[in-house]
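Enquirer: Here it is: the structure, laid out below.
The values are calculated or read from the model by the stated rules, or taken from the named source; none is laboratory data. This is a predicted model, so every value here is computed, not measured. Cβ atoms come from the backbone with ideal geometry, glycine included; neighbour counts cover every protein chain shown.
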Amino acid sequence: MTSFDANAQLQRTSVKLNAPLLYRTTYSWRVIQKFGKECIAKGDVLYGVLGPFKIYVITDPDDIYTVSNACLKKIWAYDLSKPWLGEALIRADVPIWKKHRKIINRAFVQDVIDQFIGVFNKESKLLVKDLIAKAGRGPFNPVDYLGNRAMEITFQTVMGISDSGDDVIHNHEYSRALQSLFNLYAQRFQSLWMHSPFLYNFSSLKKKEQDLISILHRTSDKIIQKKKAAYEKRLDNSDTINTSGKTFKAFLDLLIELPPEEAYTDKEIREEVDGMVVAAADTSATTLRSILVLIGSYPEVQNRAFEEVKEILGSTDREIEKHDLHKMVYLEAIIKETLRMYPTGPVQPRYATEDVQLKNYVLPAGTNCFMLVAAMQRNPDLWGPDANVFRPERWLDPSTLPENSNAFAAFSLGKRVCVGKAYTLLSMKTTLSYLLLNYHFTGDDTKLTHKLDIMLKPASGYEITITKRNRD
């Protein structure tokens, strides 16, 4: 099999990646879509140059699966967050990732996740209460409401701290610093000259980054030490949360209580906790925002989802239980269809440390590979002529789904697949259930535009209108 660089046919299909456009968030999503379509049209492989980097773009589901398993190393861009996240699972180098992944998998088994449903219930009810002020008052942006509650859920299930007393201060300070740091990293990524550590260290962004990281580390360290002290004194009521009469251990508690042969240092604990907060809170809030616009644009989808939830829960205001969530197949279809059309990680980049055999080419060692998941998930050859249509029903009939299961990779594929997939689905199902039972949503997805700002996020058109719902 011939390598990329020696293949004449591939060179004729290659394109020059437009770095200025790709690095401007307003245009980057449109540029990614353009390259995705061109890649599919030219055999699912493209080659280009982005500044000093050789980039190989792929859209074939089997090739993406192969690269996901063979290329475990993340690309250079993930190093931007190393001063903050260190070797957290989300960006760790391969040897550390392999060691930590085996341990962290135990924190996301179904039995552990089911214990979080009390928190999901409580925070979803509070979200319903928060939104009352917006009912019947015209279009508004729900980002703050969704983001605040997603962060509260994450703080409680990951760090194990409550939403009362001093912990509220921790949550709010941490959340503000986190969003500012996201913006800073996006700004640095978009400025090619700021990729140089030498130039960056003399910039005003460097000092701001240090200040923000100091806030995040200080908050996490304080919580960790408090938890460790409580555990060492064996104060069971200090390292658990009580919701709806149930107790459970948060992700942080599980790390603190590891046996000596697996024990993490305080620095490693902080890195993993901070990484989990990033992975859980922002992605959930972003996806929920898109879902509300979409169901507000398709009344028949919203009505069917409402009827499903009402039938499962009945007319009472009882709390949602784990067996209820597993019955909500249409609600799950809505979440998956949203992630198919608008995956929070539309581009999944990896670095090839060795030659990798794909279907028709060999990916050379020492190069970067961009897996265009967003393009693959809208490929008409895989998803049919309605690939660009929001149609949750496709997930209810296996015959309407692609024969190749790798064609859906919103949670990534292979060995570095998202460890929190089940957690995310149950959390969003719970939130959507309460919202659907209490409000009717109106939106317009034809006005929805996106930007690529670390993750895929709505840029405009995400305003919704809500009215109180009559359940009868």
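Enquirer: Kindly indicate whether ASP114 is in contact with a Lys or Arg (Cβ under 7 Å, 6 or more places away or on another chain), charged (D, E, K, R) and modelled with pLDDT of 90 or more.
Expert: Against the criterion (in contact with a Lys or Arg (Cβ under 7 Å, 6 or more places away or on another chain), charged (D, E, K, R) and modelled with pLDDT of 90 or more), ASP114 qualifies.
Enquirer: Moving to a separate point now. Quick check on my filter: what residues within region 170-212 are under 26 Å from GLY147 (Cβ atoms) and in contact with a Phe, Trp or Tyr (Cβ under 6 Å, 6 or more places away or on another chain)?
Expert: ASN171, GLN190 - these are the residues of region 170-212 that are under 26 Å from GLY147 (Cβ atoms) and in contact with a Phe, Trp or Tyr (Cβ under 6 Å, 6 or more places away or on another chain).
Enquirer: Across region 58-90, what is the total count of residues that are in a loop (DSSP other than H, G, I, E, B), out of contact with any helix residue (DSSP H, G or I) (no Cβ under 7 Å at 6 or more places or on another chain) and either among the acidic types (Asp, Glu) or farther than 16 Å from TYR361 by Cβ (or both)?
Expert: 3
Enquirer: For VAL347, all conditions in the list (1) surrounded by 18 or more Cβ atoms within 10 Å (Cβ to Cβ); (2) closer than 30 Å to ALA305 by Cβ; (3) at pLDDT 95 or above hold save one; what is the number of the exception?
Expert: Of (1) surrounded by 18 or more Cβ atoms within 10 Å (Cβ to Cβ); (2) closer than 30 Å to ALA305 by Cβ; (3) at pLDDT 95 or above, only one is false for VAL347: (3).
The rows are residues; the columns are (1) at pLDDT 95 or above; (2) of a type in the set (Asp, Glu); (3) assigned to a loop (DSSP other than H, G, I, E, B); (4) farther than 28 Å from ALA279 by Cβ.
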site	(1), (2), (3), (4)
GLU393	yes, yes, no, yes
ALA409	yes, no, yes, no
CYS418	no, no, yes, no
LEU432	yes, no, no, no
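Enquirer: Inside region 434-446, can you point out the residues that are assigned to a helix (DSSP H, G or I) and charged (D, E, K, R)?
Expert: ASP445
Enquirer: Tell me the residue from ARG350, ARG340 that is more than 23 Å from THR446 (Cβ to Cβ) and not in a loop (DSSP other than H, G, I, E, B), please.
Expert: Among ARG350, ARG340, only ARG350 is more than 23 Å from THR446 (Cβ to Cβ) and not in a loop (DSSP other than H, G, I, E, B).
Enquirer: Of all the residues that make up region 447-472, how many are part of a strand (DSSP E or B) and surrounded by 15 or more Cβ atoms within 10 Å (Cβ to Cβ)?
Expert: The number of residues fulfilling the criteria is 12.
Enquirer: Could you list, in sequence order, all residues of region 335-382 that are within 16 Å of the chain's Cα centre (by Cα) and β-branched (Val, Ile, Thr)?
Expert: Scanning region 335-382 gives ILE335, THR338, THR344, VAL347, VAL373.
Enquirer: Additional query: From the set of residues in region 395-404 that are without any contact (Cβ under 8 Å) to a residue 60 or more places away in the chain and part of a helix (DSSP H, G or I), which is surrounded by the fewest Cβ atoms within 10 Å (Cβ to Cβ)?
Expert: Of everything passing the filter in region 395-404, SER399 is surrounded by the fewest Cβ atoms within 10 Å (Cβ to Cβ).
Enquirer: Separate question: Please go through (1) crowded, with 20+ Cβ neighbours inside 10 Å; (2) in contact with a Lys or Arg (Cβ under 8 Å, 6 or more places away or on another chain); (3) touching a residue at least 60 places away in the same chain (Cβ under 8 Å) for GLN377 and return the number of the only condition it doesn't satisfy.
Expert: Condition (3) is where GLN377 drops out.
Enquirer: Pairs please, first residue from region 420-447 and within 15 Å of ARG149 (Cα to Cα), second anywhere and aromatic (Phe, Trp, Tyr), Cβ atoms under 6 Å, 6+ apart in sequence or on different chains.
Expert: SER427/PHE120; THR430/PHE120
Enquirer: Of all the residues that make up region 353-364, how many are assigned to a loop (DSSP other than H, G, I, E, B) and either surrounded by fewer than 19 Cβ atoms within 10 Å (Cβ to Cβ) or on the phi > 0 side of the Ramachandran plot (or both)?
Expert: 6
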